[in-house]
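Here's the structure, in structure tokens; my notes come after.
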Amino acid sequence: MHKDAAITGVGQSVYTRRPEPGQSTHTFIRDAVVAALGDAGIDARDIDGMAVASFSLAPDAGVDLAWKLGLSLRWLIQDTNGGSSAMNMLGHALRAVETGAASAILVVGGDATGLGGYAKVAANFNTVTQMHLAPLGHGGPNGVYALVASRQMKKYGLEKSDYGQLALAQRAWAAHNPYAVYREPLTMADYLAAPVVADPLSRYDCVPVVAGAQAIVVAHPDRCVSGRAPVRVRAHRMSFNYDNQEGDGLATGISTFAGELWQVAGVRPADVDVASIYDDYPTMVLAQLNDLGLIEGSDLKRFARRDIGERRFPLNTWGGMLSAGQPGGPAGGLNGISEAVLQLQHRAGDRQVKNARLALTTGYGMTMYRYGGTAAAAILERAP
């Protein structure tokens with residue numbers, strides 16, 4: 001339990017599929033930072049720590065961003081773990097506040113690559129991608145996860161429509177999120193008729209890349225805005241390169257620590273009120289939920305049709321990245337954390353899950369060759 005550190009504020013910029021002239025990674029991050037500071041009720045001069053992650057901040061580094069934001073810091077990190085960056089930065093920030101390395105930390109991520117820029121990032125993600133995948137015209141991670149999805153469908157007897165249950169449920173949540181880039185209703189007929197991207201993945205199975213940024217503030221719980229419950233982290237665990245890319249991708253690094261996570265948190269999977277699961281693909285949402293023990297008997301089909309399809313389990317209540325958009329991999333996990341905070345503080349408006357007190361958040365990313373090499377999870381609680 002992290003008793004002496006809490007998430008005290010959240011903020012985001014607008015999300016857009018196509019940045020306009022004058023909009024850049026820096027302007028989106030600026031807007032998210034301003035929003036988070038305002039939400040936390042804290043002045044920029046009180047921030048003495050920052051964690052940042054971005055695929056498109058270069059040639060600037062974290063210290064350049066601090067300079068442009070006017071922040072004088074005594075603690076600074078820059079994370080490069082893609083979809084797990086948000087969770088990794090959160091863990092570092094919690095420990096920094098608890099040990100006195102910093103008193104108020106801004107955790108921020110954002111990107112504005114544009115669709116062409118993202119394609120360049122995907123083709124040059126690492127040396128393995130450059131040398132062995134890009135020459136094949138693999139099309140980035142979509143082709144990689146099409147293979148994982150095929151294996152998952154075969155192993156668990158899933159049908160295409162089972163993934164559609166998740167896409168439809170999250171689109172329904174997105175309708176109540178003014179920041180989501182896709183809010184119009186989605187039907188199963190729409191989902192099944194969507195153009196194929198990489199068989200069996202079609203349009204609504206692949207996360208839409210957007211320009212935007214997200215930020216949170218981590219500080220001592222006493223610094224939370226008066227009358228608002230601080231959000232504490234009961235347990236936090238991470239995994240890096242858990243199987244040397246030698247598995248089938250149907251389990252994630254979460255499988256190596258899930259039991260310990262629940263034990264340290266002192267709660268059970270059934271106690272979770274709301275979950276933010278990193279959703280670059282529906283396939284990986286089900287994989288993470290299964291690793292965490294939320295899918296009874298590993299019956300993915302039943303869980304997709306009943307718990308998700310019948311809206312029994314509040315999952316990605318801001319619409320998830322599949323509907324709200326993915327502002328680059330590094331910022332992607334921050335939107336899930338931010339939504340968990342809003343839910344636990346009972347500030348989610350029309351998306352609010354009644355009496356939410358316990359939330360689960362995850363991160364997953366860094367597709368090294370065959371699937372993601374990093375994974376993380378945390379249990380968040382509404383403090384008394």
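The values are calculated or read from the model by the stated rules, or taken from the named source; none is laboratory data. Keep in mind that this is a model prediction, so the values were computed, not measured. FYI the Cβ positions are ideal-geometry reconstructions off the backbone, even for glycines, and counts take in every protein chain you see. SASA here: full protein model, heavy atoms, side chains in, ligands and nucleic acids out. Shrake-Rupley method; radii C 1.70, N 1.55, O 1.52, S 1.80 Å.
Annotations for the structure displayed:
- Under the criterion of Cα pairs below 8 Å and six or more residues apart, the relative contact order for the chain equals 27 percent.
- For K301, the lysines whose Cα falls under 18 Å of its own Cα, not counting residues fewer than eight places away in the same chain, are K154, K155, K160.
- Rounded, prolate or oblate (a/c below 1.5 giving rounded, otherwise prolate when a/b exceeds b/c) for segment 126-247 by Cα gyration tensor: oblate
- Rolling a 1.4 Å probe over the heavy atoms of the protein chains gives the chain an accessible area of 39 Å² per residue.
- Computed [θ] at 222 nm, deg cm²/dmol, the chain (DSSP H ≥ 4; -39,500 (n - 2.57); rounded to nearest 500): -10000 deg cm²/dmol
- Cα→Cβ-extended label distance, 7 Å offset, between V14 and V63, nm: 3.5
- Accessible surface of the chain, 1.4 Å probe: 50 percent of it comes from carbon and sulfur atoms.
- Set the Cα radius of gyration of segment 213-368 against 2.2 N^0.38 Å, with N its number of residues, and you get 1.04.
- Converting phi to 3J(HN,Hα) with the Karplus coefficients 6.51, -1.76 and 1.60 and the offset θ = phi - 60°, segment 300-306 yields 5, 5, 4, 5, 5, 7, 8 Hz in sequence order, with x at every glycine or proline.
- Percent of beta bridges antiparallel (DSSP, the chain, rounded to nearest 5): 75
- Gain on full stretching of the segment that runs from R306 to R268 - 0.36 nm per residue minus C-alpha separation: 11.7 nm
- Label point at K160 placed 7 Å out along Cα→Cβ; residues across segment 189-225 whose backbone nitrogen lies under 15 Å: 189-206
- Backbone HN-Hα couplings from phi across segment 88-97 [Karplus 6.51/-1.76/1.60, Hz, Gly and Pro as x]: 5, 5, 4, x, 4, 5, 4, 5, 5, 5
- Expected-Rg normalisation [2.2 N^0.38 Å, Cα atoms] applied to segment 186-267: 1.69
- Peptide ranges 345-353, 325-333, 7-15 listed from the most packed, as the mean C-beta count within 10 angstrom indicates: 325-333, 7-15, 345-353
- Semi-axis lengths, Å, segment 274-348, gyration tensor of Cα atoms, sqrt of 5 times eigenvalues: 21, 15, 11
- Computed over the alpha-carbon pairs of segment 136-187, the distance histogram in 5 Å steps reads 5, 18, 17, 15, 18, 17, 9, 2, 0 percent, short to long.
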